[in-house]
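A short worksheet on the structure shown next.
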Amino acid sequence: MDKIIGMGNALVDVLVRIDDDSLLEKLHLPKGSMQLIQEDTLSEIRKYTSGMKIHRSTGGSAGNTVCALAALGANPGFIGKVGQDETGAFFGDTLRQRGVNALLATCDLPSGIASTFISTDGERTFGTYLGAAATLRAEDLSRKMFAGYNYLYIEGYLLQDHDLMLRAVQLAKEEGLQVCLDMASYNVVEAERDFFDQLIVKYVDIVFANESEALAYTGKAPHEALEEIASKCSIAVVKTGKEGSLVKKGTEVIQLLSCPIDNVLDTTGAGDFYAAGFMYGLTCGYSLEKCVQISTILATAVIQEVGTTLPAKKWDEIKLNIESLLQV
């Protein structure tokens, strides 16, 4: 099996279910978005959620993806930055316990926290305090970090630091890795569209986007957006939520429709798990169609749980579903 190393914001998710969306309005967080916040807003969130039931888990887009890959039996790595605090220790220890090679730099700032609000319809809204995670810099990277890996998976939330992104993809290419980029969030794409385009055209082999991100990047509906993105890289993936997903490689196009899910509890990590399933299939050498089907199995599983830490029983079920799929 080929090996994957992820790079992203090292965050700990603090998840809370809300009965209505009035709290989002008080905190000025648009429903369904990812908004960067400062320490004062984080303190305000802690005040409002004091006494509410919370769930803590490792988070960050790329962090979720590599943890899911590890649960499937892969041996992924992760590059990120944490503070020298209990939150940072929790993040690193949890990754290592799950079988991830955690390459974590440290600094004096508090570790990053993603406050995640889960609405009654399962939609999630993030108020993200990056803290130490945002201080990952180009100079923290070295070519040896990428040695022994075949793919670099990067989350689009890092796009604001152009030097970091360019050094990462250049070092990866020097080591012969293929580069995979998840667009992360429509508002990030809107803010960094030109730089996204520069990276994709010159360095990126595989692009993951949902329909809102694809629209922000191309200005087009999913099918037309797929065509445009695929013209610039090797494999393009456009996820269309309840409608399923679209994938194109060369002249091959796969469209997989989703089955209705009645018990959607939390959509946190759906795209991250989709990417993990796709990359797992790809590194195992499965067909493009099988990769998409595995992706759907993982994404479907995670939205039926709160958070992205699935119980062992759920992972056993996922693995059985993948085995059954591969026998068809």
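Could you tell me the calculated FRET efficiency between LYS249 and ASP316, based on Cβ-Cβ distance and R0 = 25 angstrom, to the nearest 0.05? Spell out each step's value before the answer.
Details: r = 31 Å, r/R0 = 1.24.
So, using R0 = 25 Å, E works out to roughly 0.20.
Rolling a 1.4 angstrom probe over the protein heavy atoms, how many square angstrom per residue are accessible across the range 137-230? Write down the numbers at each step before the final one.
Values: 3800 Å² over 94 residues.
Dividing the accessible area of the range 137-230 by its residue count gives 40 Å².
Rounded to the nearest 5, what % of the DSSP beta bridges within the chain are antiparallel ones? Spell out each step's value before the answer.
Numbers: 22 of 59 bridges.
In the chain, approximately 35 percent of DSSP beta bridges are antiparallel ones.
If each residue of separation counts as 0.36 nm, what is the full-extension length gain between ASP2 and ASP161 once their alpha-carbon separation is subtracted?
Numbers: separation 159, 0.36 × 159 = 57.24 nm, distance 2.81 nm.
Extending this stretch completely gives an extra 54.4 nm.
[x] 60, 48, 42; [y] 62, 44, 36; [z] 53, 47, 40: which one is Cα extents along the principal axes in Å as calculated from this entry?
Of the labelled values, this structure produces [z].
Suppose each label sits 7 Å from its Cα in the direction of the beta carbon; what would the ASN150-LEU257 distance come out to in nanometres?
Distance between the two pseudo-spin positions: 3.4 nm.
In whole percent, and with a 1.4 Å probe on the protein chains, what portion of the accessible area of the range 1-138 is carbon and sulfur? If you can, show how the numbers build up before the last one.
Working: 2590 of 5630 Å².
The computed percentage sits at 46.
Nearest 5 percent is fine: what portion of the DSSP beta bridges confined to the range 1-160 is antiparallel?
Values: 12 of 36 bridges.
Within the range 1-160, antiparallel bridges account for around 35 percent of the total.
Within the range 197-315, what percent of beta bridges assigned by DSSP are antiparallel, to the nearest 5? Intermediate values should be presented prior to the final figure.
Numbers: 10 of 15 bridges.
Percent antiparallel among DSSP bridges in the range 197-315 is about 65.
Just grab the label-to-label distance for HIS55 and ASP121, each label 7 Å out from Cα along the Cβ direction, in nm (one decimal).
2.0
Need one value: the accessible area of GLU25 in square angstrom, 1.4 angstrom probe, rounded to the nearest 10.
Only protein atoms counted, so the area is about 140 Å².
Over 29 Å between Cα atoms, which of LYS81/LYS144; LYS81/LYS313; LYS144/LYS202; LYS47/LYS319 qualify? Spell out each step's value before the answer.
On the way: LYS81/LYS144 17 Å; LYS81/LYS313 31 Å; LYS144/LYS202 22 Å; LYS47/LYS319 40 Å.
Flagged as over cut-off: LYS81/LYS313; LYS47/LYS319.
Sorted by average packing, counted as other Cβ atoms within 10 angstrom per residue and highest first, what order do 315-328, 235-248, 272-285 take?
Details: 315-328: 13.1, 235-248: 21.4, 272-285: 24.9.
By packing density, highest mean first, the sequence is 272-285, 235-248, 315-328.
Counting each DSSP H run of 4 or more residues in the chain as -39500 (n - 2.57), what helix-only mean residue ellipticity at 222 nm follows after dividing by all residues, to the nearest 500 deg cm²/dmol? Spell out each step's value before the answer.
Numbers: 12 runs with 129 residues, N = 328.
Dividing the helical sum by the residues of the chain leaves -12000 deg cm²/dmol.
Let me cross-check THR49: its accessible surface, 1.4 Å probe, with only protein heavy atoms counted, in Å² to the nearest 10?
20
Return the FRET efficiency for the residue pair GLU227, SER22: r is the Cβ-Cβ distance, R0 is 56 Å, and the value is rounded to the nearest 0.05.
Working: r = 41 Å, r/R0 = 0.74.
It comes to 0.85.
Ranked by accessible surface with a 1.4 Å probe, highest first, in what order do SER234, SER33 come?
Working: SER234 50, SER33 0 Å².
Ranked from most to least accessible, the order is SER234, SER33.
The values are calculated or read from the model by the stated rules, or taken from the named source; none is laboratory data. In this text, all values refer to a predicted model and were calculated from it rather than measured experimentally. Positions of Cβ are backbone-derived with ideal geometry, glycine not excepted, and every protein chain shown enters the neighbour counts. Heavy atoms of the whole protein, side chains included, go into the accessibility calculation; ligands, DNA and RNA do not. Shrake-Rupley method; radii C 1.70, N 1.55, O 1.52, S 1.80 Å.
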